[in-house]
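S.K.: Encoded as C-alpha cells, here's the structure I'll be asking about.
Derivation of every value follows stated rules applied to the coordinates shown; laboratory data play no part. Nothing here was measured: the structure is a model prediction, and the numbers come from that model. FYI the Cβ positions are ideal-geometry reconstructions off the backbone, even for glycines, and counts take in every protein chain you see.
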Amino acid sequence: MTSTAHIDISRVSKVFGAGEQGAVTALKDVDLKINKGEFIALLGPSGCGKSTLLSLIAGFQTASSGAIVQNGRAIAGPDASRTVVFQDYALFGWMSLQKNVEFGLKAKNVGKRERAQIARDFLARVQLSGFEDKLPHEVSGGMKQRAAIARAMAPDPEILLMDEPLGALDAQTRVLLQEEISRLSSESGKTVVFVTHGIDEAVFLADRVVVMSPRPGRIRQIVTSHLSFPRTAAMRADPWFTSTVKELWESLKPEWQKEDKQ
C-alpha cells in the first residue's frame, strides 16, 4: 500500500562493517512517519545515530534493513528533491555568496538572469542583502550559515535536511538563527529534518521532537509541540516550553553523563 507520509521510515537498521571491535549497530528498528511541511528535530546524545538517520534520508547511505520511502517511492540515492545543510557551511571559498546560492540553480539549468534574481531574493530573505559580492572568508560564521541555508532553499527542494547547522556558532548568533530558520521553514512549507544536541533548540524549532536512545539508536520518545507560529524569543518563557526542556534534560541527563565519562 502506498504511504501517505511525505517520508516513511519503516523498521530501519544500520550496521557498519566489522572492524577490530566487530560490527557496530548504529540504528535498530527505527519507525517514523514525517508529514509534508512538518519540522522534525532529531535529539539525542553523540553516537545515537541521528546523523546516520539523516544520511539515510538524504540517500548518502543505504539501510542494512528496512526501508525509507519518500512520496511512495524508496529512496535509493541522493536526489534534487532533498538538500542538506551541514555544520561546516560547505560554501565554495572562491565564489561570492551570490554565486554560491546560484550554484544549485545552475545545476538545474535555470537561466543566468533568473538564477541571479532568485539568489538575490533568497539572500534578502536571510538578511544578507548588500553582501552578495562578498567571499565566504569576508563574512562572519552566522552570515556563512545564512548563505548556506539560502543556497539549500534556492533550488526549491521538497525536503531540507539540516545536520547540526548551528553547532559551531556562538550562543547569541545561534538563538537569532533559530528564529530565522523557524520563520523560513514556516513561510516555505518545506519538510525539515533537523539534527541537534540542543534540547532547547529542538523544542523551540520543531513540530515534533524525536528523542533517540544511545547506540543502537532507537526512537524512545516523541514530543509534539504546543507552540504556535511564528516562533519568537518570548516563547522561551512559555510554561510548556520551560517544563518540556526541563523534563527532556532530566530524562537525557544520565546519557549525557555517561557520554562525558567516556
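S.K.: Let me spell out the model: positive unit charges on the Cβ of Lys and Arg, negative unit charges on the Cβ of Asp and Glu, origin at the Cα centre of segment 27-95. What dipole size does that give, in debye rounded to 20? Don't skip to the end; give the middle numbers.
M.R.: On the way: 6 positive and 5 negative charges, 24 e Å.
Charge dipole of segment 27-95: 120 debye, to the nearest 20.
S.K.: Subtract the Cα-Cα distance of residue 109 and residue 170 from 0.36 nm times their separation in residues, and report this length gain in nm to one decimal. Numbers along the way, then the final one.
M.R.: Working: separation 61, 0.36 × 61 = 21.96 nm, distance 3.69 nm.
That pair, residue 109 and residue 170, stretches by 18.3 nm at full extension.
S.K.: Would you please state which residues of segment 198-229 a label at residue 183 would reach in this model, taking the label point 7 Å out along Cα→Cβ and a backbone N cut-off of under 16 Å?
M.R.: Under 16 Å, as judged by backbone N against the label point of residue 183, lie 205, 229 of segment 198-229.
S.K.: Another question, if that's okay. For the chain, what is the calculated [θ] at 222 nm in deg cm²/dmol (nearest 500), taking -39500 (n - 2.57) for each run of four or more DSSP H residues and dividing by its residue count? All intermediate terms of the calculation are to be shown ahead of the outcome.
M.R.: On the way: 7 runs with 95 residues, N = 262.
Computed ellipticity for the chain at 222 nm equals -11500 deg cm²/dmol.
S.K.: Past 31 Å, Cα to Cα: identify those pairs from 14/134; 33/246; 36/144; 14/190, in the order given.
M.R.: Those over the limit are 14/134.
S.K.: Using Cα pairs closer than 8 Å and at least 6 residues apart in sequence, work out the relative contact order for the chain, in percent.
M.R.: For the chain, the relative contact order is 25 percent.
S.K.: Further, regarding this structure: For Cα pairs less than 8 Å apart in space and 6+ apart in sequence, what is the mean separation divided by the residue count of segment 90-156, i.e. the relative contact order in percent? Spell out each step's value before the answer.
M.R.: On the way: 83 pairs, mean separation 32.8, N = 67.
Relative contact order here is 49 percent.
S.K.: Which of 191, 62 comes first, and how do the rest follow, when ranked by fewest Cβ neighbours within 10 Å?
M.R.: Fewest-to-most ranking of 191, 62: 62, 191.
S.K.: If each residue's Cβ is checked for other Cβ atoms within 10 Å, how do 25, 244 rank with the fewest at the top?
M.R.: 25, 244
S.K.: Got a sec? Charge dipole of segment 90-156, +1 on Cβ for Lys and Arg, -1 for Asp and Glu; which of 129, 142, 110 is way out at the positive end?
M.R.: Checked the options; the winner is 110.
S.K.: At what distance in angstrom do the alpha carbon centres of segment 29-96 and segment 134-158 lie from each other?
M.R.: If you average the Cα positions of each part, the centres end up 19 Å apart.
S.K.: A follow-up question, please. Could you go through segment 136-149 in sequence order and give the Karplus-derived ³J(HN,Hα) for each residue, using 6.51 cos²θ - 1.76 cosθ + 1.60 with θ = phi - 60°, rounded to whole Hz, and x for Gly and Pro?
M.R.: Here the 3J(HN,Hα) series is x, 6, 8, 10, 6, x, x, 5, 4, 5, 4, 5, 5, 5 Hz.
S.K.: Now a separate question. Run the dipole for the chain about the Cα centre, Lys and Arg Cβ at +1, Asp and Glu Cβ at -1, nothing else charged, and hand back the magnitude in debye, nearest 20. Walk me through the intermediate numbers first.
M.R.: Working: 33 positive and 30 negative charges, 95 e Å.
My answer is approximately 460 debye.
S.K.: Can you tell me the relative contact order of segment 37-99? Whole percent, Cα pairs under 8 Å, sequence separation 6 or more.
M.R.: 23 percent
S.K.: Once both axes come from the Cα atoms, what is the angle between helix 171-188 and the longest principal axis of the chain, in degrees from 0 to 90, rounded to 10?
M.R.: Its long axis makes an angle of about 80 degrees.
S.K.: Another one. Nearest 5 percent is fine: what portion of the DSSP beta bridges confined to the chain is antiparallel?
M.R.: Taking every DSSP beta bridge with both residues in the chain, the antiparallel ones total about 50 percent.
S.K.: So between residue 79 and residue 251, what do we pick up on full extension, going 0.36 nm a residue minus the alpha carbon distance?
M.R.: 58.3 nm
S.K.: Only four residue types carry charge here, +1 at the Cβ of Lys and Arg and -1 at the Cβ of Asp and Glu. Report the dipole size of segment 68-217 about the Cα centre in Debye, rounded to the nearest 20.
M.R.: Numbers: 19 positive and 19 negative charges, 103 e Å.
Around 500 debye, computed over segment 68-217.
S.K.: Right, something else. Residues with beta-carbon under 14 Å from that of residue 209, excluding residue 209: net charge, scoring Lys, Arg +1 and Asp, Glu -1?
M.R.: 0
S.K.: If we count every other residue with Cβ under 11 angstrom of residue 89's Cβ, Lys/Arg +1 and Asp/Glu -1, where does the sum land?
M.R.: Numbers: positive: 144, 146, 151; negative: 88.
Cβ neighbours under 11 Å give a net charge of +2.
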